[in-house]
Amino acid sequence: MHVIGGTASTALAERISRELGNAPFGIPFTKRFPDGELYVRVGGRLEGDDVVIVQSTRTDQDLVELLLLEDAVREAGARRTFVVVPYFGYARQDRRFFPGEPVSARALCRHVEIDADIVVTVDLHSSQTLSQFSKPAFEASGIPAIARLLRERPVDVLVSPDKGGIDRAKRMSQLLDRPWFALEKTRIDSEHVELSLPPELPMDIRGKHAVIVDDVISTGGTIVEAAKLLKKSGLGAISAACTHGLFLRDAFERIKAVSDEIYSTDTLGNPAEKASVAPDIAQILRRQSPS
Ligand code: R5P
């Protein structure tokens, strides 16, 4: 099995290749044509082999690079192409909210899978998006990676910032054998939310260390409000943990100002990247290509 790291996911791709027993790892040559279009070229002898392409699609440029890499790998005669998209962009628009809108997640699934035999991603906004793929598609979770890290830290309680994240907080609470609770969230607009404590808490939270667990930190609005509320409610220490750390604009600094630690996985590459999803992705890949 060969592993190719697109420019959005080079470090994670290399970690995945190590997890696959030091599978041959390569970085494609890329350059921009004078008109701005992207040129890619993959190296190595890929003919007849299973090839893994790792590329998050945070930006439209990342997406174009992924599509070109898939075509290049097919041209190079790969036996099968495993496309790993650690952060799957456009996944949040997973339904048509108003007439005239696209179901962006579905549109992206259709295009990403064209030259893929298998697609692997991590913590989609909604796992139901997996059903938009017509090829075998798998979703790894960022929760075990964060749990491996938190096992070394004194954590008392896990907090989901909203009801939608209850399964994540529950899974983390099982892995760490700690209680959990979910805040009640009302979204005011795309950057502002209102949060409150649930009517019942699993423990006396005063002076305790809470870790707020979310799938994605984007503007940071949710985590900042959650941290402020928990601080006001008497928690002693507050950390923020997420799978995908986008940290738009000054989100990282704003969260740092109201929390003690910020943990993220390496699906995007950011200053909080402390846990790797490479073992979890490699496990799925190994099952698809056992030899
Ligand atoms: C919401 O459904 C998600 O789980 C996150 O809580 C949300 O996307 C975080 O966004 P932001 O950082 O902009 O508040």
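Cα to Cα, under 19 Å, and not fewer than 8 places away if on the same chain: which lysines meet these conditions relative to LYS231?
LYS185, LYS208, LYS256
Return the carbon/sulfur percentage of the accessible area of the stretch 21-167, one whole number, probe 1.4 Å, all protein chains in place.
Carbon and sulfur together cover 49 percent of it.
Using Cα positions and a limit of under 15 Å, work out the aspartates and glutamates in reach of LYS31, with same-chain residues fewer than 8 apart set aside.
Once the sequence-local aspartates and glutamates are set aside, what remains near LYS31 is ASP62, GLU65.
Run through the stretch 46-134 and list the trypsin sites (Lys or Arg not before Pro) located in a DSSP loop whose Cβ has at most 16 other Cβ atoms within 10 Å.
Filter output for the stretch 46-134: ARG79, ARG92, ARG95, ARG96.
Run through all the Cα pairs of the chain and give the fraction in each 5 Å bin from 0, expressed as whole percent.
1, 5, 12, 16, 17, 15, 12, 9, 7, 4, 2, 1, 0
With charges set only on the Cβ (+1 for Lys and Arg, -1 for Asp and Glu), what does the dipole of the stretch 144-275 come to about its Cα centre, in debye to the nearest 20?
Dipole magnitude for the stretch 144-275 comes out near 260 debye.
Using a 1.4 Å probe on the protein chains only, how many percent of the accessible area of the stretch 200-291 belongs to carbon and sulfur?
Taking all protein chains in place, the stretch 200-291 shows 48 percent carbon and sulfur surface.
Calculate the translational D of the stretch 2-140 in whole µm² s⁻¹ from Stokes-Einstein, where the hydrodynamic radius comes from the Kirkwood formula applied to all Cα pairs, the temperature is 10 °C and the viscosity 1.306 mPa s.
The Stokes-Einstein estimate is 104 µm²/s.
May I ask you to list the trypsin sites (Lys or Arg not before Pro) in the stretch 197-276 that are in a DSSP loop and have at most 14 other Cβ atoms within 10 Å of their Cβ?
The qualifying sites are ARG206, ARG249.
How much of the DSSP bridge set in the chain is antiparallel, in percent, rounded to the nearest 5?
15 percent
Could you quote the convex hull projected area for the stretch 144-275, Cα atoms only and averaged over all directions, in nm²?
So the mean shadow area of the Cα hull is 7.1 nm².
Hey, got the Cα dimensions of the stretch 59-210 along the principal axes, in Å, largest first?
That works out to 60, 42, 24 Å along the principal axes.
Mind putting a number on the dipole of the chain about its Cα centre? Charges go on the C-beta only, +1 for Lys and Arg and -1 for Asp and Glu, and I need it in Debye to the nearest 20.
500 debye
May I ask what percent, to the nearest 5, of DSSP beta bridges between residues of the stretch 144-275 are antiparallel?
Antiparallel bridges: around 15 percent, rounded to the nearest 5.
What longest range of the chain stays clear of loop-exposed GluC sites (Glu not before Pro) (DSSP non-H/G/I/E/B, at most 13 other C-beta within 10 angstrom)?
Result for the longest clean stretch: 48-151.
Please report the relative contact order for the chain, taking Cα pairs under 8 Å with a sequence separation of at least 6, and give it as a percent rounded to a whole number.
Dividing the mean separation by the residue count of the chain yields 14 percent.
In degrees between 0 and 90, to the nearest 10, how far off the longest principal axis of the chain does helix 10-19 point, with axes built from Cα atoms?
90 degrees
Once you list every other residue whose beta carbon is under 15 Å from the beta carbon of ARG32, what net charge do they have if Lys and Arg are +1 and Asp and Glu are -1?
Here the count lands on -3.
Percent relative contact order of the stretch 45-147, based on C-alpha pairs within less than 8 angstrom and at least six residues apart?
Answer for the stretch 45-147 is 25 percent.
Any idea of the accessible area per residue across the chain, 1.4 Å probe, to the nearest Å²?
Dividing the accessible area of the chain by its residue count gives 47 Å².
I want the local charge near THR129. Using Cβ-Cβ distances under 13 Å, sum +1 for each Lys or Arg and -1 for each Asp or Glu among the other residues.
Charge balance near THR129 sits at -1.
Would you calculate, for the chain, the mean residue ellipticity at 222 nm contributed by helices, counting each DSSP H stretch of 4 or more residues as -39,500 (n - 2.57) and dividing by all residues, to the nearest 500?
Helices in the chain give a 222 nm mean residue ellipticity of -8500 deg cm²/dmol.
Please report the net charge: other residues with Cβ closer than 13 Å to the Cβ of GLU152, K and R +1, D and E -1.
So the surrounding residues net to +3.
Given contacts defined as C-alpha pairs under 8 Å and at least six residues apart, what's the relative contact order of the stretch 158-224, whole-number percent?
37 percent
The values are calculated or read from the model by the stated rules, or taken from the named source; none is laboratory data. None of the values given here were measured: they were computed from a predicted structure. Ideal geometry is used to build each Cβ from the backbone, glycine not excepted, and the neighbour counts take in all protein chains shown. Remember, those area values only see protein heavy atoms, side chains included, never the ligands or the DNA or RNA. Shrake-Rupley method; radii C 1.70, N 1.55, O 1.52, S 1.80 Å.
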